[in-house]
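What follows is a single structure, written as structure tokens, with notes after it.
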Amino acid sequence: MEKIDKYEINQNYYYDADSHFWVDLSGSEARIGMSPLVQETSGSFVAVVFDAMGADVKRGQSFGNIEAEKHVGPLNAPVSGVVTEINEKVQENPRLINTDPYGEGWLVKLKLTNKDEEIPKLIFGDDNIVGWFKSELKKFEDKGWIAQ
Amino acid sequence: MKNWRYIDQTEMSASKGLATDEYLTNLHTSEGGTDFPAILRLYNYKDHSVLVGRFQDINAEIDIEECESLGFGFGRRLTGGGAILMGANQLGICFTTNQEELPWEHISELYKKLSAPILDALKELGIEAAFRSKNDLEVEGKKIAGLGVYISPSGAIQFHASLLLDFDIDVMLKVLKIPIQKFSDKRKIASIEQRITSINRTLGTAVEMTDLKSLVLKKYAEAFGKTFEEQDISTNEQKMINHIARETYENEEWIFQRSPQADMTGVSLKKTPAGLLRTYIGLKGENIKSVLITGDFLDQEEMLSEIESRLKWSPLDKDHITKVVDKVVLEYSSNKSYSHVIENDDIVNAIWVASQRALAEKRYTYNGSCYYPKVEA
């Protein structure tokens, strides 16, 4: 884990630059969650609903819906896969995404269906992750998106 | 440059009003198909329609029996936030588009851009309103409009505002389960008047709804430099809207769906040197849904209302509550001097105690037995 500003970043995971989801890859399976930065700028999560187990999700398509203090919107998958597990604790207490984004705040597990093509599109490696996160943090600060 | 579409509707039922919002939103997806890159719909519901937020527990928010006995419609929106009462004197503003027409990177940009024309319209009427920390527009600390944004799975945007031209406190008290039911009628009315206002109340004169619609339309056109072309809902479109209404907004599974996060309420009474502080709190899981702080502190109502507003939809976390209270008290105390100052710690503790009672009550809630089922209050 690397601390950047007040954020702890896990450098062992892959990151989707647009959605700020992290992907914890383990063979052909992956656990998905949100980066500490995007969870903070969205505000406190109020509700999460996931698609049913077994749903076949494509990269960029929705695997559930979320309500943060500012909006209701889809959770768009950073990689394609079949939903094999959903985090019921997060459904019961969405605040876990804010308080423990890498731990109990994970969202779903997917059995990947297009791993070879999609994983290289994600950000990986210590320097790449730190560089990307620092530039994102600066952008978020400059534009005033950090939640008050 | 293509024109944007304008739709003017009145007397909408709850289900058709919500279905129209959804239909128009979906027009901006790749499969939707519309000649108009953006659509502004200004409309009114029938007197009255009560609408809850996307993930709210409808039984915790509104009195269904009372709605039915009064002949009011009720429903569940796509947008989040709290329950609202809509009717002939509340203007529904629904703006739909997509990322190509209105590029955005962060949701706060959408709120800023899309609420600016409403603030401009209020300004032209002589009302200085401002965006309040969460999703409200306020006038001197009182809510005058509620805002919401829904992003569809394919990226279409629905911005919604409910702008109060006027409102009926008696009707609100009948159908919305707000945590002041034990107050006397006089105190209930005072409590609402301290927190909510309307265009007519602020101006002290009656503005016509048709004039308000024209003004809001003009301000959207000016703000975006666009020409709006009025085009009513066609017969074919109405068929599709009716289908959405039947499938979703009249479907009891949608209306009465329960969210996995529990709704809880708690109250605390605290005697302070400045007087008795009575605090109500509504929780959804570990989030604060609403706070109401009352007492004999008439000169500090605006400050307390600001604390309530900033705590709405924020985490139930004592440090967070303390930060919010300290910040608001500092902002207000630098401008004004109060006769009897309430200590920050008293406010924080009152909120915290109410929250802990809400959590404890949930723990000991009677969920019914095989002989005596739980009856919803």
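The values are calculated or read from the model by the stated rules, or taken from the named source; none is laboratory data. Treat the numbers as computed from the prediction; the structure is a model and nothing was measured. Glycine also receives a Cβ, built like all others from the backbone with ideal geometry; neighbour counts cover every protein chain displayed.
Identify all residues within segment B:252-261 that are more than 14 Å from chain A (Cβ to nearest Cβ) and surrounded by 15 or more Cβ atoms within 10 Å (Cβ to Cβ); write none if there are none. Write out each step before concluding.
Step one: of segment B:252-261, the residues more than 14 Å from chain A (Cβ to nearest Cβ) are B:252, B:255-256.
Listed by number, the list holds a single entry, B:Ile255.
Would it be correct to say that A:Ile32 is among the β-branched types (Val, Ile, Thr), in contact (Cβ under 8 Å) with a residue 40 or more places away in the chain and away from chain B (no Cβ under 12 Å)? Judged against the criteria, A:Ile32 is a match.
The requirement of being surrounded by 21 or more Cβ atoms within 10 Å (Cβ to Cβ), among the polar types (S, T, N, Q) and within 14 Å of another protein chain (Cβ to nearest Cβ) is fulfilled nowhere in segment B:121-134; no residue meets it.
Residues in segment B:52-66 that are within 14 Å of chain A (Cβ to nearest Cβ) and part of a loop (DSSP other than H, G, I, E, B): B:Gly53, B:Arg54, B:Phe55, B:Gln56, B:Asp57.
From the list B:Ile180, B:Ile169, B:Ile189, exactly one residue is touching a Lys or Arg at 6+ places or on another chain (Cβ under 9 Å) and free of Cβ contacts under 8 Å to residues at least 40 places away in the same chain. Which is it?
Details: B:Ile180 fails: free of Cβ contacts under 8 Å to residues at least 40 places away in the same chain; B:Ile189 fails: touching a Lys or Arg at 6+ places or on another chain (Cβ under 9 Å).
One residue alone meets the criteria, B:Ile169.
When you check B:Glu31 against the structure, is it surrounded by fewer than 21 Cβ atoms within 10 Å (Cβ to Cβ) and in a helix (DSSP H, G or I), yes or no? Don't jump to the end; show me each part of the working.
Details: surrounded by fewer than 21 Cβ atoms within 10 Å (Cβ to Cβ): yes; in a helix (DSSP H, G or I): no.
It is false that B:Glu31 is surrounded by fewer than 21 Cβ atoms within 10 Å (Cβ to Cβ) and in a helix (DSSP H, G or I).
When B:Lys186 is tested against (1) at pLDDT 85 or above; (2) among the charged types (D, E, K, R); (3) over 25 Å from B:Gly73 (Cβ atoms), exactly one condition is not met: (1).
With the structure loaded, tell me whether B:Glu101 is among the acidic types (Asp, Glu) and within 14 Å of chain A (Cβ to nearest Cβ) or whether it fails that test. Here the answer is no, as B:Glu101 does not meet what is asked.
Only one entry of B:Ser69, B:Ser49 meets the criterion of being away from every other protein chain (no Cβ under 13 Å) and under 23 Å from B:Glu247 (Cβ atoms), and that entry is B:Ser49. More than 12 Å from chain A (Cβ to nearest Cβ) and either touching a residue at least 40 places away in the same chain (Cβ under 8 Å) or surrounded by 21 or more Cβ atoms within 10 Å (Cβ to Cβ) (or both), is that true of B:Thr79? When the stated conditions are applied, B:Thr79 does not pass them.
Of all residues in segment B:263-285, how many are more than 20 Å from the chain's Cα centre (by Cα) and either within 14 Å of chain A (Cβ to nearest Cβ) or under 29 Å from A:Glu92 (Cα atoms) (or both)? Spell out how you get there, then give the answer.
Quick first cut of segment B:263-285, residues more than 20 Å from the chain's Cα centre (by Cα) only: B:266-279.
Retained after the next criterion (residues that are either within 14 Å of chain A (Cβ to nearest Cβ) or under 29 Å from A:Glu92 (Cα atoms) (or both)): B:266-268, B:279.
Number of matching residues: 4.
In segment B:27-53, the residues that are at positive phi reach residues that are buried (at least 19 other Cβ atoms within 10 Å of the Cβ) with C-beta atoms within less than 8 angstrom, at least six apart or across chains, in these pairs: B:Gly33/B:Leu27.
In the set B:Ala121, B:Ala161, B:Ala116, only one residue is within 20 Å of B:Tyr6 (Cβ to Cβ) and part of a strand (DSSP E or B); that residue is B:Ala161.
Residues that are farther than 21 Å from B:Thr29 by Cβ and in a loop (DSSP other than H, G, I, E, B) were ranked within segment B:89-108; the one that is modelled with the highest pLDDT is B:Asn89.
Among the candidates A:Leu75, A:Leu110, single out the residue that is in contact (Cβ under 8 Å) with a residue 24 or more places away in the chain, under 26 Å from A:Glu2 (Cβ atoms), within 11 Å of chain B (Cβ to nearest Cβ) and outside any helix (DSSP H, G or I). Break it down into steps so the answer makes sense when it comes.
Details: A:Leu110 fails: within 11 Å of chain B (Cβ to nearest Cβ).
The match here is A:Leu75.
Selection of first residues in segment B:271-282 that are over 18 Å from B:Ile192 (Cβ atoms) and of second residues that are assigned to a strand (DSSP E or B), restricted to Cβ pairs under 7 Å at least 6 apart or on distinct chains, gives the following pairs, ordered by first then second residue: B:Gly275/B:Gly295; B:Leu276/B:Leu269; B:Leu276/B:Gly295; B:Leu277/B:Lys270; B:Leu277/B:Ile293; B:Leu277/B:Gly295. Just to verify a result, which residue in segment A:69-99, among those that are acidic (Asp, Glu) and either under 14 Å from B:Pro260 (Cα atoms) or within 12 Å of the chain's Cα centre (by Cα) (or both), is surrounded by the most Cβ atoms within 10 Å (Cβ to Cβ)? Per the criteria, the residue is A:Glu92. Checking each residue in segment B:109-120 for being within 12 Å of chain A (Cβ to nearest Cβ) and surrounded by fewer than 20 Cβ atoms within 10 Å (Cβ to Cβ) picks out B:Glu109, B:Lys112. Looking only at segment A:49-64, filter to residues that are part of a strand (DSSP E or B) and facing chain B (nearest Cβ under 8 Å); which one of those is surrounded by the most Cβ atoms within 10 Å (Cβ to Cβ)? If we take residues in segment A:49-64 being part of a strand (DSSP E or B) and facing chain B (nearest Cβ under 8 Å), then A:Ser62 is surrounded by the most Cβ atoms within 10 Å (Cβ to Cβ). Evaluation of B:Ile169 against the conditions (1) under 21 Å from B:Tyr45 (Cβ atoms); (2) of a type in the set (A, V, I, L, M); (3) within 14 Å of another protein chain (Cβ to nearest Cβ) shows that the sole unmet condition is (3). Which residue is nearest to B:Glu140 (Cα to Cα), if the candidates are limited to segment B:198-228 and must be in contact with a strand residue (DSSP E or B) (Cβ under 6 Å, 6 or more places away or on another chain) and not in a helix (DSSP H, G or I)? Filtering first and then ranking leaves B:Ser198.
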